[in-house]
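Asks: Before anything else, here's the structure in question.
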Amino acid sequence: MANTTKRRFPDEFKNEAVVLWETSGRLQSEVTAELGIMPTMLRRWQRKLEESSVSVASPAAKPPVSTMALPADQASEIARLRREFERARMERDVLKKASASLRRCHDGVRPYRAACVRLAGECHVPHARRVPQRL
């Protein structure tokens, strides 16, 4: 069996990890992956922090924990998403124009090819009757 050592984290790191998880509004798995710890460790640290804060201070003195991000964070996220949306819209418009121009060029060629194939029968192109029939 592999020789593994138990990692030890200082109390300050544990407290900051729990605060980061509670105030960021992100999923627990995202925070633990970023910090390189197991989700169970973070839950255990949170439970211990809550128990110690309840015994030290009254529940009324504890500030409320918000799962929503701060308004400044929300505003920056909204601005980033709007920029990303505008870029996607511009890319879509460019692709639309490119496909339309390709269709327009292709449509201009298609009737001529069809007319060349049908020259022996009914003519669909003006003045095509003047072209010799042996193409």
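Asks: Determine which aspartates and glutamates satisfy two conditions relative to Lys48: a Cα distance under 16 Å, and not lying fewer than 8 residues away in the same chain.
Replies: Within the straight-line cut-off, Lys48 pairs with Asp11, Glu12, Glu16, Glu22.
Asks: Same structure, new question: Return the long-range amide H neighbours of Ile37 (sequence gap of 5 or more, or a different chain), with a cut-off of under 5 Å between placed amide H atoms.
Replies: none
Asks: Which of the peptides 33-39, 89-95 is most tightly packed, and how do the rest follow, judged by the mean count of other Cβ atoms within 10 Å per residue?
Replies: With the highest mean Cβ count within 10 Å placed first, the list reads 33-39, 89-95.
Asks: First measure r as the distance between the Cβ atoms of Ala98 and Leu70, then evaluate 1/(1 + (r/R0)^6) with R0 = 35 Å and state the FRET efficiency to the nearest 0.05. Can you show the working numbers first?
Replies: Values: r = 42 Å, r/R0 = 1.20.
E between Ala98 and Leu70, to the nearest 0.05, is 0.25.
Asks: Please enumerate, by chain and number, the aspartates and glutamates with C-alpha under 17 Å from the C-alpha of Lys97, excluding those fewer than 8 residues away in the same chain.
Replies: Glu86, Asp107
Asks: Spelling out what I want: for every residue of the range 91-100, take phi, set θ = phi - 60°, compute 6.51 cos²θ - 1.76 cosθ + 1.60 (Karplus), and round to whole Hz; glycine and proline get x.
Replies: 4, 4, 5, 4, 5, 4, 5, 5, 5, 5
Asks: Output the peptides 42-51, 6-15 sorted from most to least packed, where packing is the average of other Cβ atoms within 10 Å over each peptide's residues. Each step should come with its number before you reach the end.
Replies: Details: 42-51: 15.1, 6-15: 10.5.
The densest-packed peptide leads the list: 42-51, 6-15.
Read-outs: derived from the displayed coordinates by stated rules, not from any lab. It should be emphasised that the depicted structure is a prediction, and the values quoted were computed from it without experimental measurement. Using ideal geometry, Cβ is built from the backbone for each residue, glycine included, and neighbour counts are taken over all protein chains shown.
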